[in-house]
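The values are calculated or read from the model by the stated rules, or taken from the named source; none is laboratory data. Bear in mind the structure is a predicted one, so any value in this text is a computation, not a measurement. With ideal geometry, Cβ positions are generated from the backbone for all residues, glycine too; neighbour counts draw on all protein chains shown. Just so you know, the surface numbers come from the protein's heavy atoms only, side chains and all, with ligands and any DNA or RNA stripped out. Shrake-Rupley method; radii C 1.70, N 1.55, O 1.52, S 1.80 Å.
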Amino acid sequence: MSPGDGITMPGNTTGNTTGNTTGNTTGNTTGNTTGNTQSSTESSGTDAPSPLGDLRAADQGTPWTMQAPTVHMPSPVASKPRRGRVFLPSLLAGAGIAFSLPPWGWWVLAFPAGALLWWRIGGLRARTRLFAGWVAGLGLFIPGLWWATSFNLYGGIVLILVEALALGVACFMSPPGRGRTPALAGAMVLLESLRDSWPFGGLPIGSPALGQAGGPLLGAARLGGPLVLVGLVWLGAGAVGAGSYAVARSLGASAAERRRASAWASLASHHGMEPPPAERTGKRIRGHAKSAAVSMVVVVAVGAAGALAPAGGPAVSHLRVAAVQGGGIRGLSKEQVNPATVLAAQYAATAEIPRVDGGKPPSLVLWPEDVVSLDGLLVDSPEYAELSALAVHLHATLVVGVTETVSPTHFRNEVVAFAPNGRLVAHYEKVHRVPFGEYVPDRSFFSHLANLSRVPLNAIPGHGNGLLRTPAGPLGVMISYEVFFANRGRPPTRAGADLLLVPTNTSSYSTGQVPTQEIAASRLQAVEEGRDLVQAAPTGFSAILNNRGQVFHRSTLSERDVIVATVALRTGRTMFERFGDLPVLVLSGLAVIAGWALTVTTPDDSPGASAARERWRKMRARRRSRGAAAHA
């Protein structure tokens, strides 16, 4: 019941009036009544008694009745805020998430930034939510993917515009009412999963999960991989948003509003009527407070469970390893650097191992990706004999990144392993290639849109599981870009790898943004699979990580460096290695469904939520009418 339904509190007009009456006036009137006025009787010529007086009379035995008039309200229409009121908060929300990622690494910023987007899409119609999410995506990916424009300006801009749509679609899938906390988290997970695989095999760079590699939720990755971190970020953001809303509305309610709310509640309860707007506001505040509490409990519980979950088991043995970084100038394309220079730098850095190994020489030496660049096959080249001799000299297993040109249009990107006796014992060809970096999809089409001279050859996709069986032990390999994909770490671990290797090459990136995100991705892989990890890059970053994602050693960009350390070999399994992404995807889908169910079944007078319930009622009515027609 509302003030226009027959009872008014002080401040509203009740009684006899003459002439024209306009507004929300209710009582006995004469003359013409306009606007939203409700009239019950003709004027009696005397002032009408107060409805509160009538209620007291009714309590003393005097007959008194009250019937709320029928008011025909228009169908709910979603709100249409001005574009600036949607654009700016959404853009700031996306930028906040961007700054939670490396190289800035302010991981905690993801939660208030996400809460800002949670608040902004509340009550908005579907296409405005889509717009808000897309703008937030621009705020995230303009700083997060701007490095792509250094390779091709127009291609980089198109990439940013397309990737930003992921957040827009997620906001579109989320309801505008009470249920948007679980639904937004679930939708963001589903769209992040899509972004991991589409277009052109996916682009996980810029994922909110990478920012949490430096936060307390990192351990949760061993439960559900990077997707569970994405879900926790947005669930935590919803908790911050809902909690802030509840606190702000509670503090903003004046004493007079609370007194009026109490009076309305008393009247509605006495006569069995619908709770008035003030009471519904109180319920909405309590609902958001409960949502915030439940969401925060889930985030903390999952984070704690991840920290306590199996992390690959105890070390079964230890291995002395060396990651060799030759050093050099960054920001140059492959065509601008003489391959002989890169190879000579690697030989020179490797020669420094005895100086830094502390008298404990390594049993495994890792070289970066693509430091041996050949015009033909490795076995037919002089480099083969040189690498074989180096392995014998080191008395160690030597793992080297090699590229071989196999035809005028194709090349092979692979990692090979030489045993301490100089024999080639294993190799792995890169499976997940970099689109527009190592190959051009639909080259005949894109050649009309961009200059493709920087990618003259297409890499041949590999098909292996990434396991190298060597004298140093079974090793799991992810070459460069593959470390960003959770589904590239599981195959070698499931096949028996007890140590992970990441030979990479980020020399073409002039800034440290991509290398720092790659370190974050390596941290996630180490936690997800429960394995220590060794990474080597020609100009950085090279690093040694343990199975809990802790970085023990990290090189300096561009500098020549050799990292020698002892790592643990493990054979245990994590939950993520066992079950993969499927449980998280199922729970995310259920969260979206539950969020919409909560929105269409819970009283919420915000325009967007009312419109959603109205559409739900119309849909059910159409189904019933079709069913009745079918039975007729």
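Quick notes
- Within the set Leu533, Leu545, the sole residue that is buried (at least 23 other Cβ atoms within 10 Å of the Cβ) and without any contact (Cβ under 8 Å) to a residue 24 or more places away in the chain turns out to be Leu545.
- When Ala345 is tested against (1) assigned to a helix (DSSP H, G or I); (2) within 13 Å of Ala323 (Cβ to Cβ), just one condition goes unmet, and that condition is (2).
- Filter pass, Arg554 being open to solvent by 10 Å² or more (accessible area, probe 1.4 Å), of a type in the set (Lys, Arg) and in contact with a Gly (Cβ under 7 Å, 6 or more places away or on another chain): no
- Candidates Ala213, Ala239 - the one that is under 19 Å from Thr574 (Cβ atoms), in contact (Cβ under 8 Å) with a residue 60 or more places away in the chain and either open to solvent by less than 10 Å² (accessible area, probe 1.4 Å) or among the aromatic types (Phe, Trp, Tyr) (or both): Ala213
- Subset of the stretch 454-490 (residues that are under 17 Å from Gly201 (Cβ atoms) and of a type in the set (D, E, K, R)): Glu482, Arg488, Arg490
- Matching residues, the stretch 100-126, being of a type outside the set (Gly, Ala, Ser) and either closer than 14 Å to Met188 by Cβ or crowded, with 20+ Cβ neighbours inside 10 Å (or both): Leu101, Pro102, Trp107, Phe111, Leu116, Leu117, Trp118, Trp119, Arg120, Ile121, Leu124
- Residue within the stretch 402-416 that is open to solvent by 40 Å² or more (accessible area, probe 1.4 Å), in a loop (DSSP other than H, G, I, E, B), farther than 21 Å from Pro354 by Cα and in contact with a strand residue (DSSP E or B) (Cβ under 8 Å, 6 or more places away or on another chain) present: yes
- For the stretch 127-159, residues that are β-branched (Val, Ile, Thr) and crowded, with 21+ Cβ neighbours inside 10 Å total 2.
- Some residue of the stretch 374-394 being surrounded by 12 or more Cβ atoms within 10 Å (Cβ to Cβ), of a type in the set (Gly, Ala, Ser) and under 20 Å from Tyr481 (Cβ atoms): no
- Output for the stretch 417-436, where each listed residue is more than 16 Å from Val379 (Cβ to Cβ) and surrounded by fewer than 16 Cβ atoms within 10 Å (Cβ to Cβ): Asn421
- Residues located in the stretch 160-188, provided they are open to solvent by less than 20 Å² (accessible area, probe 1.4 Å) and either touching an Asp or Glu at 6+ places or on another chain (Cβ under 8 Å) or at positive phi (or both): Ala166, Gly177
- Check on Leu218, among the aliphatic types (A, V, I, L, M), within 29 Å of Gly287 (Cα to Cα) and open to solvent by 10 Å² or more (accessible area, probe 1.4 Å): no
- The stretch 285-342, residues that are touching a strand residue (DSSP E or B) at 6+ places or on another chain (Cβ under 6 Å) and of a type in the set (Gly, Ala, Ser): Ala315, Ser317, Ala322, Ala323
- The residues in the stretch 352-367 that are open to solvent by 20 Å² or more (accessible area, probe 1.4 Å) and in contact with a strand residue (DSSP E or B) (Cβ under 9 Å, 6 or more places away or on another chain) can be counted, and the count is 7.
- Of the residues making up the stretch 290-334, not one is surrounded by fewer than 14 Cβ atoms within 10 Å (Cβ to Cβ) and touching an Asp or Glu at 6+ places or on another chain (Cβ under 6 Å).
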